1. What distance in nm separates the two pseudo spin-label positions at residue 217 and residue 160, each 7 Å out from Cα along the beta-carbon direction?
2. Expressed as a whole percentage, what fraction of the accessible surface of the chain belongs to carbon and sulfur atoms when a 1.4 Å probe is rolled over the protein heavy atoms?
3. Compute the label zone of residue 411 within region 371-399: residues whose backbone N is under 18 Å from the point 7 Å along Cα-to-Cβ.
4. For residue 421 and residue 136, what does the FRET efficiency come to when R0 = 51 Å and r is the distance between their Cβ atoms, rounded to the nearest 0.05?
5. Multiply the residue separation of residue 91 and residue 401 by 0.36 nm, subtract the distance between their alpha-carbon atoms, and state the gained length in nm to one decimal.
6. Given points 7 Å out from each Cα along the Cα-Cβ axis, report the residue 104 to residue 260 separation in nanometres with one decimal.
7. Loop-only GluC sites (Glu not before Pro) in region 363-422, please: DSSP not H, G, I, E or B, and at most 10 other Cβ atoms within 10 Å.
8. How far apart, in nanometres, would the label points at residue 127 and residue 246 be if each is projected 7 angstrom from Cα along the Cα-to-Cβ direction?
Amino acid sequence: MSTKASPFDPAWLEELTSRYPTPFHIYDEKAIRANARAVNAAFSWNKGFREYFAVKATPNPYIVKILKAEGFGVDCSSMAELQLAQAVGVAGDSVFFSSNDTPEEEFRKARDMGAVINLDDISHLPFLEQHAGLPDLLSFRYNPGPLKKGNVIIGHPEEAKYGLTRDQLFEAYRQARDKGVSRFGIHTMVASNELDLNYFAETVEILFDLIVELSRTLDIRFELVNIGGGIGIPYTPDDTPLDLPRLSSHIRRHYKETIVANGLDPLNLYMECGRMITGPYGYLVSRVRHIKNTYKTFVGLDACMANLMRPALYGAYHHISVVGKENAPADHVYDVTGSLCENNDKFAIDRELPELAFGDLVVIHDAGAHGHAMGFNYNGKLRSAELLLRENGDVVEIRRAETIDDYFATLDLDGVADFAVT
Ligand SMILES: *Cc1c(COP(=O)(O)O)cnc(C)c1O
């Protein structure tokens, strides 16, 4: 069980909305840093341990700069994410480039930045060689296929578009070795929002065993293993957070039994989590705009799925706190909606909440990863601002809200007048 309560003082938050109109996302720097330190501490037994923050979860350079200060690298998978990393001064082996269906210019950019490149297919080896040249250090993404059971978001590994089969991996490393690649890494990512510790422990065992076999068969040396991201967070009050120190000790035991026992130590352990790094420490703050009673009671917020798509996309649960009514009984049942002309634009269905009134402020929890980032402009909806609550209590706007001018920026509205239509 986790408790879910808004960390913000009601009067303080109300005052904040006079400076920054709702809706907005707000991130808690102190909590993000404390969590980052806990991640590093949990794996400190591995001298080369590094968490590469999956930028796609919260692609804001100010957040990335904070995580960089905590020793994290970044996991990028697009040109924009590489440029964002560069803007923060993250380059070289602090960047893990784990893309798929990758265009040649992105490989070139990743090579220019000295990023660790992780290939998604055996055919990408000659593609990379031709368009960007081969680096000394190369990683491949493994898809364990039927060895792993499915996961809700990523699905069954055999159905997933990612990674190489086991047989292909042996061939890929052999070809890379023969082309002069001298340093090797291996990567997998088969889960998303997974809270089962055993799922990760088992994946790591599969990877370690594979490293032993690949090293022996091909006479190559692995210097890194990236166990991917996908660690879940307790979205519902009934969820239990994954016990990271316990997962780490499982991994450590297997590291001794396979990696050390086979003389393959040291091996740098990498992780590329996004969700569990920032997710619980970001909140979407919104205000009740309408309350309508028809067959059900619908509470319309000034936020919509443009600000947070997960409930509409996956039916995901996001906890909602009503500001100033924290101790009121949750004795009313509401569908909490946005303003998009899509019936699935609902933050919650049949949610028990305190009685709501026009103008109430609500805090939607666990929006700090895959929240603002997934936003879109369908239906002419604009993405909100992102704010950062600094450790000293100051609030900084780290991304302004979109304006109508942003929305029309790719159109020539005046040109329509000259467009001949008969
Ligand atoms: C999305 C993604 C991540 C991060 O996933 P989380 O669930 O946010 O931890 C890491 N690596 C890759 C390759 C991804 O696609």
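The values are calculated or read from the model by the stated rules, or taken from the named source; none is laboratory data. Keep in mind that this is a model prediction, so the values were computed, not measured. Here the Cβ positions follow ideal geometry from the backbone for every residue, glycine too, while neighbour counts run over all protein chains shown. Only protein heavy atoms, including side chains, enter the accessible area calculation; ligands, DNA and RNA are left aside. Shrake-Rupley method; radii C 1.70, N 1.55, O 1.52, S 1.80 Å.
1. That separation, rounded to one decimal, is 2.0 nm.
2. Summing carbon and sulfur atoms, their accessible area is 49 percent of the total for the chain.
3. Under 18 Å, as judged by backbone N against the label point of residue 411, lie 376-383 of region 371-399.
4. On the way: r = 58 Å, r/R0 = 1.15.
E(calc), rounded to 0.05, equals 0.30.
5. 108.7 nm
6. Between residue 104 and residue 260, the label points sit 4.8 nm apart.
7. On the way: sites: 386, 391, 397, 402; in loops: 391, 402.
The qualifying sites: there are none.
8. Calculated label separation equals 4.1 nm.
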